[in-house]
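Worksheet: one structure, shown below.
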Amino acid sequence: MSAANGVKRVWVGQNGLLSTPAVSAVIRERVGVDGSKATGAFILTASHNPGGPHEDFGIKYNMENGGPAPEAITDKIFENTKTITEYLIAEDLPNIDISTIGVANFSGPEGQFDVEVFDSASDYVKLMKLIFDFELIRKLLSSSKFTFCYDALHGVAGAYAHRIFVEELGALESSLLNCVPKEDFGGGHPDPNLTYAKELVARMGLGKSDSAVDPPEFGAAADGDADRNMILGKRFFVTPSDSVAIIAANAVDAIPYFSSGLKGVARSMPTSAALDVVAKNLNLKFFEVPTGWKFFGNLMDAGLCSICGEESFGTGSDHIREKDGIWAVLAWLSILAFKNKENLNGDKLVTVEDIVRQHWAIYGRHYYTRYDYENVDAGAAKDLMAYLVKLQSSLDEINSIVKGARSDVSNVVNADEFEYKDPVDGSVSKHQGIRFLFEDGSRLVFRLSGTGSEGATIRLYIEQYEKDSSKTGRDSQEALAPLVSIL
């Protein structure tokens, strides 16, 4: 189709494998053998807008900045699909061996047409080595006291794991789990969370059954296209909201790329306010945006944001215009390496849990959970959201309901339906979620999605802020119980 429509050259990652963050890096960084730069990329992935007979296939387009196409572009594409009457395809081109690096030249219907197959990891690895101190991380991984485990869940991250963690950083081959990419993800679900990354969770000592084997000091998992991540310490889970806040709090000291300071930080609206507290304490620009990485991309293109994240296990920075799972793992390894650079030969390492608890002691802890109510009647879901919006007109009524259910819950001091005006392009995104903000920094957020005939999903986010350092070690269920009881 490219050849038939006048495209002169197509780049393809070797074996057709490229992670989503690597695609962004390729668009932004790579120069072809003829000096050319990519003007965009198509990503075929199970991770976006699933279609196909098994609802596991999607097509995504990234722009010349390396980020997802904005709604203005995707809306135009959608409108074009309503009027298209034909498409062009060159059916007589020979098959191309995408397992072999090199350039294949053809005479296409519109003239010379080239297909360049390139190493999937080289451009991405080169970029990572410009961001992080690989030698410092290598010293950490070579310490006999530090153990490491990375689970690619049979997704495309496996194509990068051996190159980066084993070849570049000296980790043991046995540190890698499920790092052979498979079309069916080995029969599993490539979602980096405590439910689906079962093998990693068990190895890190967080499974239901106790293991006699001492867990590694650090563990991480990736999703299918390697843009999301999960961070674990020994018998310890790091929430995505805490993860981005801790990376931001330590970035200037621990990551060379940020040594001159952060331009700003941002999070998606449903993500906990842990990052907000860091931004306030460090006097950083802060942005709260709707869900969707393109909003972060606008801020980064304008030089307003360095680090960002979302509660659905996505973390990233302005090195590309996508969330980046391996980047997040390298960021955590950098923080651990920095914290331990003077005591690799001492008695005890600073652990993941130590870092998180130290962070809570300084900034407070945002206890956080999310409930998903799926396949809800669409009409009833809309009625509920409309009722919540109407209720927001009277804080007195809201607080009467709150106090009637639980007297020890703080007052609601603000309630709104989140609306975002992009400070870069002026675009306005409405109806992004209903927020109830409490005097003590706690929040309740309701978001509605999928209001078609198949039913809707209501997502409820519950967040309790605790700044008393003597209470930041409580169990999450205990800390969140008062807010849960008012619902």
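The values are calculated or read from the model by the stated rules, or taken from the named source; none is laboratory data. Remember, predicted model here, so these are calculated numbers, not experimental data. No Cβ is skipped: glycine too gets one built from the backbone with ideal geometry, and neighbour counts run over all protein chains shown. Heads up: the accessible areas ignore ligands, DNA and RNA and are worked out on the full protein's heavy atoms, side chains in. Shrake-Rupley method; radii C 1.70, N 1.55, O 1.52, S 1.80 Å.
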Q) Quick one: would you say D92 is assigned to a loop (DSSP other than H, G, I, E, B) and surrounded by 10 or more Cβ atoms within 10 Å (Cβ to Cβ)? A) no
Q: Taking G292 as the residue in question, decide whether it is in contact with a Cys (Cβ under 8 Å, 6 or more places away or on another chain) and under 28 Å from I458 (Cβ atoms).
A: no
(Q) It is to be established whether one or more residues within segment 60-76 are at pLDDT below 90, open to solvent by 90 Å² or more (accessible area, probe 1.4 Å), among the acidic types (D, E) and part of a loop (DSSP other than H, G, I, E, B). (A) no
Q. Of the residues that make up segment 342-353, is at least one open to solvent by less than 10 Å² (accessible area, probe 1.4 Å) and closer than 27 Å to D223 by Cβ?
A. yes
Q) Hey, does segment 317-339 have a residue that's of a type outside the set (A, V, I, L, M, F, W, C), in a strand (DSSP E or B) and under 22 Å from D191 (Cα atoms)? A) yes
Q: Have a look at S334, S317 and point out the one that is of a type outside the set (F, W, Y), crowded, with 24+ Cβ neighbours inside 10 Å and within 16 Å of the chain's Cα centre (by Cα).
A: S317
Q | Of all residues making up segment 5-17, the number that are open to solvent by less than 40 Å² (accessible area, probe 1.4 Å) and part of a loop (DSSP other than H, G, I, E, B) | A | 1
Q) Is there a residue being under 17 Å from N15 (Cβ atoms) and crowded, with 21+ Cβ neighbours inside 10 Å anywhere in segment 101-120? A) yes
**Q.** Members of segment 375-400 that are part of a loop (DSSP other than H, G, I, E, B) and closer than 12 Å to T457 by Cα
**A.** D377
**Q.** Condition check for E463: of a type in the set (D, E) and under 19 Å from S312 (Cα atoms)
**A.** yes
Q. Does S259 fit the bill of being at pLDDT 95 or above, farther than 14 Å from L330 by Cα and touching a Phe, Trp or Tyr at 6+ places or on another chain (Cβ under 6 Å)?
A. no
Q. Taking only pairs six or more apart or across chains, which ones have beta-carbon atoms under 8 Å, a first residue in segment 18-40 that is surrounded by fewer than 24 Cβ atoms within 10 Å (Cβ to Cβ), and a second residue that is among the aromatic types (F, W, Y)?
A. R30/W11; R30/F118; G32/W11; A38/W11; G40/Y61
Q | Looking only at segment 354-388, and only at residues there that are among the β-branched types (V, I, T) and surrounded by 15 or more Cβ atoms within 10 Å (Cβ to Cβ), the one that is nearest to Y465 (Cα to Cα) | A | T369
Q | Leading residue by the ranking (modelled with the highest pLDDT) among those in segment 447-456 that are in a strand (DSSP E or B) and touching a helix residue (DSSP H, G or I) at 6+ places or on another chain (Cβ under 6 Å) | A | L448
Q: Answer yes or no: is there a residue in segment 421-437 that is open to solvent by less than 20 Å² (accessible area, probe 1.4 Å), of a type in the set (D, E, K, R) and not in a strand (DSSP E or B).
A: yes
Q: Please work out which residue is surrounded by the most Cβ atoms within 10 Å (Cβ to Cβ), limiting yourself to segment 268-314 and to residues that are charged (D, E, K, R) and outside any strand (DSSP E or B).
A: E311
Q: List every residue pair whose Cβ atoms lie under 8 Å apart, where the two residues are 6 or more positions apart in sequence or sit on different chains, the first residue falls within segment 244-271 and is farther than 19 Å from S442 by Cα and among the charged types (D, E, K, R), and the second residue, located anywhere, is open to solvent by 30 Å² or more (accessible area, probe 1.4 Å) and at pLDDT 95 or above.
A: D253/F338; K263/K285; K263/G303; K263/L304
